[in-house]
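See below for the structure under consideration.
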Amino acid sequence: MNRISMKHLRYFDALARHGHFGRAAEDCAISQPALSVQIRELEQLMGVPLVERGSRQIHLTGLGVEFAERAQAILRSVGELEDLARAARGPYSGQFRFGIIPTIAPYLLSDIIKTLSVRLPGLELRPREAKTPVLVQDLLEARLDAAILALPLSESSLHEEALFDEEFVLLRSAADVEKPVPKPDGLRKMQLLLLEEGHCFRDQAISYCSSNAVLPRNLMEGSSLSTLVQMVGAGIGVTLIPEMAVGVEVRSAAVSIAHLPDPRPMRTVGMVWRKTNPLLEQLMQIADIVREIGLNKPALPGDPSLVSDADAAYPPSRFV
């Protein structure tokens, strides 16, 4: 006699989260027809429909909503049992599913993967790049073991481990290299380029430019730091970027770099995980490795000619 399996629960959970058969199938690394077969089999086992199928989107039935909540709880508990078993085996091995935000991933992820592969060869690394809200939700629902992002989060069920602090620097057109560095209220009057909504770095930049959280008057958005830097190089406006991004992003853009006046804008990069995760010792070991990578990251590995005379002696980041 067929019974509800973990496969059924995982596939239905993906469908409930994405609300779309195609995206859910992609998330589960199977074909859409295969996912549909599994969902119909689950409905047959339950004896009632769980999904209302439309021409373009799906909706969960009333029972489907409740079933999704119970399925998530079961999957989360099973994940914790697997973590418990891994902790009991000693040295960290098996999958390590970790998230990392887009304003950190291009600049640290390669070093993180290389170093972890050498230091902890038993790990099967499964990185995922996404914005902070998505990573937090995946952590809470045990789809990730940890995430590297900007702190604080203030989520009571997650442990926050601060790794290092880094400064934000101002990028302007190369033609502006001799101009005085503007204060925060001066930035509000300039054509300020920021990341689109959903990026925590955008909120941090706005917070620096405005004490009352009102958007700067002249604001344009980009989908990535690379896009913002290229727009600055084209003379469209100015932007703030984290220090770790400078060496990568300014290589092919005609921009000048300047420190902002004190108190300089900063962010704390940290690693977070569920407080209930039994792999505390192993996660702290990984956090220490990521901290070491951040501490040793050159402050400005790019072209020194892009830095103004006032900033020629580019100081290292201040770390916790």
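Every read-out reported here was derived from the displayed coordinates using simple, explicitly stated rules and does not represent laboratory data. Remember, predicted model here, so these are calculated numbers, not experimental data. No Cβ is skipped: glycine too gets one built from the backbone with ideal geometry, and neighbour counts run over all protein chains shown.
Below is a table of values for the structure above.
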item: Computed lengthening from Glu41 to Glu196, 0.36 nm per intervening residue step minus Cα-Cα distance; result: 51.7 nm
item: Fewest-first sequence of Arg10, Arg143, Arg40 by Cβ atoms within 10 Å of each Cβ; result: Arg40, Arg10, Arg143
item: Set of aspartates and glutamates with alpha-carbon distance to Lys114 below 14 Å, sequence-local pairs under 8 removed; result: Glu124, Glu292
item: Phi to ³J(HN,Hα) by Karplus 6.51 cos²θ - 1.76 cosθ + 1.60 over the range 112-126, Hz, x for Gly, Pro; result: 4, 5, 4, 5, 5, 5, 7, 6, 10, x, x, 7, 9, 6, 10
item: Length-normalised contact order for the range 6-84 - Cα pairs under 8 Å, 6+ apart - percent; result: 30 percent
item: Thr276 paired with Val48, simple spin-label distance in nm, labels 7 Å along Cα-to-beta-carbon; result: 2.6 nm
item: Between helix 200-209 and the chain: long-axis angle, C-alpha atoms, 0 to 90°, nearest 10; result: 30 degrees
item: ³J(HN,Hα), Karplus 6.51/-1.76/1.60, whole Hz, each residue of the range 156-163, x for Gly, Pro; result: 4, 8, 10, 7, 10, 10, 5, 10
item: Label-point separation, Ser226 to Ser154 (7 Å along Cα→Cβ), nm; result: 3.4 nm
item: Under 5 Å, built H, 5+ apart or other chain: amide partners of Leu260; result: Leu170
item: Dipole of the chain, positive direction: furthest Cα of Gln137, Tyr11, Ala253, with charges on the beta-carbon; result: Tyr11
item: Under Karplus coefficients 6.51, -1.76 and 1.60, residue-wise ³J(HN,Hα) of the range 245-262 in Hz, glycine/proline x; result: 8, 4, x, 7, 7, 8, 4, 10, 10, 7, 10, 10, 10, 9, 6, 8, x, 5
item: Antiparallel %, DSSP beta bridges [both residues in the chain], to 5; result: 60 percent
item: Long-range amide H partners of Thr61 with built H, under 5 Å; result: Val51, Glu52
item: Distant-in-sequence amide H partners of Glu221 (H built 1.01 Å from N, under 5 Å); result: Leu194
item: The chain: relative contact order in percent, alpha carbon pairs under 8 Å with at least 6 residues between; result: 20 percent
